[in-house]
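The values are calculated or read from the model by the stated rules, or taken from the named source; none is laboratory data. Since the model is a prediction, treat every value here as computed from it, not as a measurement. Ideal geometry is used to build each Cβ from the backbone, glycine not excepted, and the neighbour counts take in all protein chains shown.
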Amino acid sequence: MLDVELEEANNSLQKTRKICNCISVGLKVVFGLICIYWILVVGAMLLSMFNPGLVIAQDGRISFFSILLYLAYGFIIASLFVVFISIFSNTAKGETPFAMSQVKRLRIIAALLLLYAILDMVATNAVAVMQIDIINSGYISTNSAIVTVNFTPFIAAAVVYAFSFVFKYGVLLQEFSDETL
């Protein structure tokens, strides 16, 4: 009876590792593609500073500030990808998800989402819509005094931060269980 349960647990752990490995590989591929896209777009934006005919923007030009905002967005998204990849890679290698390193990673994700939300508020009111041939960077600016706020990253940051406490509790329970056995 105990051997059957142990075998089922091992099979379940193997499946979890395989799934985490697939997710990790998928994230790495998507991350690579996004990095290539960012490099191309930033290159096009930099070229457009010297040749304004390449870009169709609301005000007819791309500023250095808009490029910095785009790079900041890219840095935050890249950081999120790196943290997610490390979470799934470590789990695929057999590390327990209930480790303090995972709790720290979840809190880093929450902080990055909060930073993204703040940057989104700044960018929404500072950067014009940029269209580079057929590539739309997605930045929208309003000329009115209304500040639009996307609450999704704020809520996601709060949920991930709260979720980190669940994982921390799991770490403490695992430590307690290990001490009592």
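Looking only at residues that are closer than 22 Å to F31 by Cα and surrounded by fewer than 18 Cβ atoms within 10 Å (Cβ to Cβ) in region 85-96, which one is modelled with the lowest pLDDT? Out of the qualifying residues, it is K93.
Scan region 1-17 residue by residue and report those that are surrounded by fewer than 12 Cβ atoms within 10 Å (Cβ to Cβ) and either touching a residue at least 12 places away in the same chain (Cβ under 8 Å) or of a type in the set (A, V, I, L, M, F, W, C) (or both).
M1, L2, V4, L6, A9
Within region 148-180, track down each residue that is of a type in the set (S, T, Y) and either touching a residue at least 60 places away in the same chain (Cβ under 8 Å) or more than 14 Å from L113 (Cα to Cα) (or both). Once the filter is applied, which keeps residues that are of a type in the set (S, T, Y) and either touching a residue at least 60 places away in the same chain (Cβ under 8 Å) or more than 14 Å from L113 (Cα to Cα) (or both), region 148-180 yields T148, S164, Y169, S177, T180. In region 18-41, the residues that are loosely packed, with under 14 Cβ neighbours inside 10 Å never reach a residue that is at pLDDT below 95 with C-beta atoms less than 6 angstrom apart, at least six apart or across chains. Total residues in region 99-127 satisfying the condition of being at pLDDT 90 or above and of a type outside the set (V, I, T): the figure is 15.
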